[in-house]
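Taken together, the values in this text are just the output of simple stated rules run on the coordinates, not laboratory data. Just so you know, these numbers come straight off a predicted model, no measurement behind them. Cβ placement follows ideal geometry from the backbone for every residue including glycine, while neighbour counts extend to all protein chains displayed.
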Amino acid sequence: MLTLGTILLHQRDSAAGKTFADATARCKTLLDKTANLYEPSYTLATALTGGAVCDPRWVEESQRADLLVPVLAEYRRALEITSAAGVVGDALRDLELIRAAASRAWSQFSSC
């Protein structure tokens, strides 16, 4: 779901926001059952990032810090589970893909 959301964001498809929301819900469901799994924790944080970027308030730079509060909290939780270089590197790669897609997307439309 996370990859699909990123692809949709790159394609400027308004379904990206729903896809990130679906990924968020799936990760939360999994983490409710087993809280210390690192992969869904990082995926959740990244999906929350995508969701923040797709939020209509993202166009207002003054709103971005508030939108990123849950993202940062989730990344902190994920880092508490593991901060292995490969895992963090994968998360940074995913964030870079979202950043690049968001830069292109926001030049075309105001919400995902």
Identify the residue in segment 85-94 that is in contact (Cβ under 8 Å) with a residue 12 or more places away in the chain and out of contact with any Ser or Thr (no Cβ under 6 Å at 6 or more places or on another chain) and, among all such residues, is surrounded by the most Cβ atoms within 10 Å (Cβ to Cβ).
91
Is it true that some residue in segment 53-64 is assigned to a loop (DSSP other than H, G, I, E, B) and aliphatic (A, V, I, L, M)?
no
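Rundown of residues vs (1) more than 13 Å from the chain's Cα centre (by Cα); (2) more than 18 Å from residue 96 (Cβ to Cβ); (3) not β-branched (Val, Ile, Thr), yes/no style:
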{"residue": "2", "(1), (2), (3)": "no, no, yes"}
{"residue": "22", "(1), (2), (3)": "no, yes, yes"}
{"residue": "41", "(1), (2), (3)": "no, yes, yes"}
{"residue": "54", "(1), (2), (3)": "no, no, yes"}
{"residue": "57", "(1), (2), (3)": "yes, yes, yes"}
If I go through segment 10-35 residue by residue, how many of them are surrounded by fewer than 17 Cβ atoms within 10 Å (Cβ to Cβ) and among the aliphatic types (A, V, I, L, M)?
4
Is it fair to say residue 22 is out of contact with any Leu (no Cβ under 8 Å at 6 or more places or on another chain), over 18 Å from residue 78 (Cβ atoms) and in a loop (DSSP other than H, G, I, E, B)?
no
Matching residues in segment 13-50 - criterion: being among the acidic types (Asp, Glu) and touching a helix residue (DSSP H, G or I) at 6+ places or on another chain (Cβ under 6 Å):
none
Answer yes or no: is there a residue in segment 72-81 that is surrounded by fewer than 16 Cβ atoms within 10 Å (Cβ to Cβ) and either in a loop (DSSP other than H, G, I, E, B) or in contact with a strand residue (DSSP E or B) (Cβ under 9 Å, 6 or more places away or on another chain) (or both).
no
Name the pairs: first residue in segment 11-26 and closer than 11 Å to residue 48 by Cβ, second residue part of a loop (DSSP other than H, G, I, E, B) and among the hydrophobic types (A, V, I, L, M, F, W, C), Cβ to Cβ under 6 Å, at least 6 apart or on different chains?
23/1
